[in-house]
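*Asks:* Structure in structure tokens, see below.
None of the figures in this text is laboratory data; all of them are computed from the coordinates on show. Remember, predicted model here, so these are calculated numbers, not experimental data. All Cβ positions, even for glycine, are placed from backbone atoms using ideal geometry, and neighbour counts span all protein chains on display.
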């Protein structure tokens, strides 16, 4: 039986606000060896962990990451109140550098760092790549750069970034000429964009699929050739898989 490796998608969102250090640490404590986070850039060019294009869902206020200086973002709380109420009212939006220092203490952990298009549009690929590399300096060898933006990933490849993953919505998008030029080590694909049947394979590339919380679905995908499964329920999935090995 093929058992895929599991990736804590934005940390451990089933029980903690996504893209927060408390959630990432909980995923690692549960046994995750892979985590995925989203990165955006503040107005004063500080890389932070954040997914959405606006602050409303996570912080309960209007605005965007790139509109505010990090000192202003620090005073917000990434509490995700609609889901968790007041439980995480002391949780802040973390800097990417905080993740870098955490990873340095966690040998054997790999982080997939997704460059969000909103920040690429504001700051450009070269500037964002430079800021991200500097923030991750303590643990850059533990990090894989991923993005929907093929242009940014091609820039990263030409700049010598070692590990790269392309994010796509549909399986057939992997055949684009620019994907070939990037030479990614990973392809991340939305489960909804996969063909219903058949072997999933791309020579020399590991395939990751998101978002899965069902063990049987994960095992079925692994049997078709999927290497990694991104999940919001990393602890529960790891526990269920532990009984299969």
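*Asks:* Using only alpha carbon pairs under 8 Å that are at least six residues apart, calculate the relative contact order of the chain and give it in whole percent.
*Replies:* Working: 491 pairs, mean separation 51.7, N = 245.
Taking the mean separation of contacting Cα pairs over the length of the chain, I get 21 percent.
*Asks:* Further, regarding this structure: Measuring from centroid to centroid over Cα atoms, what is the spacing of the stretch 1-73 and the stretch 191-245 in Å?
*Replies:* 21
*Asks:* Given 0.36 nm per residue, what is the gain on full extension from residue 2 to residue 151 after removing their alpha carbon distance, in nm? Intermediate results must be reported in sequence, preceding the final value.
*Replies:* Working: separation 149, 0.36 × 149 = 53.64 nm, distance 3.40 nm.
So the chain would gain 50.2 nm between residue 2 and residue 151.
*Asks:* Regarding the stretch 74-171, what's the average projected area of the Cα-atom convex hull, expressed in nm²?
*Replies:* 8.2
*Asks:* While we're looking at this one, here's another question. Once you sort the root eigenvalues of the Cα gyration tensor of the stretch 174-245 as a ≥ b ≥ c, which label holds: rounded (a/c under 1.5), prolate (a/b larger than b/c) or oblate (the other case)?
*Replies:* Taking the square roots of the gyration eigenvalues as a ≥ b ≥ c, the stretch 174-245 is prolate.
*Asks:* Counting each DSSP H run of 4 or more residues in the chain as -39500 (n - 2.57), what helix-only mean residue ellipticity at 222 nm follows after dividing by all residues, to the nearest 500 deg cm²/dmol? Kindly include the intermediate steps, with their values, before the conclusion.
*Replies:* Details: 11 runs with 82 residues, N = 245.
Calculated mean residue ellipticity at 222 nm is -8500 deg cm²/dmol.
*Asks:* Computed over the Cα atoms, what is the radius of gyration of the stretch 31-127 divided by 2.2 N^0.38 Å, N being its residue count?
*Replies:* Expressed relative to 2.2 N^0.38 Å, the Cα Rg reads 1.10.
*Asks:* Dividing the convex hull volume of the Cα atoms of the stretch 140-187 by its residue count, what figure in Å³ per residue is obtained? Provide the component values of the computation, followed by the final result.
*Replies:* Values: hull volume 3.1 nm³, N = 48.
Per-residue hull volume (Cα only) is 64 Å³.
*Asks:* For the residue pair residue 170 and residue 203, what label-to-label distance in nm results when each label sits 7 Å from Cα along the Cα-to-beta-carbon direction?
*Replies:* Result for the modelled spin labels: 2.5 nm.
*Asks:* Under 15 Å from the 7 Å Cα→Cβ point of residue 61, by amide nitrogen: which residues of the stretch 87-113?
*Replies:* 89-94
*Asks:* Another question, if that's okay. Using the reciprocal of the averaged 1/r over all distinct C-alpha pairs, how large is the Kirkwood radius of the chain in Å?
*Replies:* 18.2
*Asks:* Quick one: if you stick a label point 7 Å off each Cα along the C-beta vector at residue 75 and residue 137, how many nm between them?
*Replies:* About 3.0 nm, to one decimal.
*Asks:* How far apart, in nm, are the 7 Å Cα→Cβ label points at residue 178 and residue 244?
*Replies:* Output for this residue pair reads 3.5 nm.
*Asks:* Write down, largest first, the equivalent ellipsoid semi-axes of the stretch 123-211 in whole Å, where each equals the square root of 5 times an eigenvalue of the alpha-carbon gyration tensor.
*Replies:* Computed over the stretch 123-211, the values are 25, 13, 12 Å.
*Asks:* How much length is gained on full extension from residue 211 to residue 53, taking 0.36 nm per residue of separation minus their Cα-Cα distance?
*Replies:* This chain segment gains 54.9 nm when fully extended.
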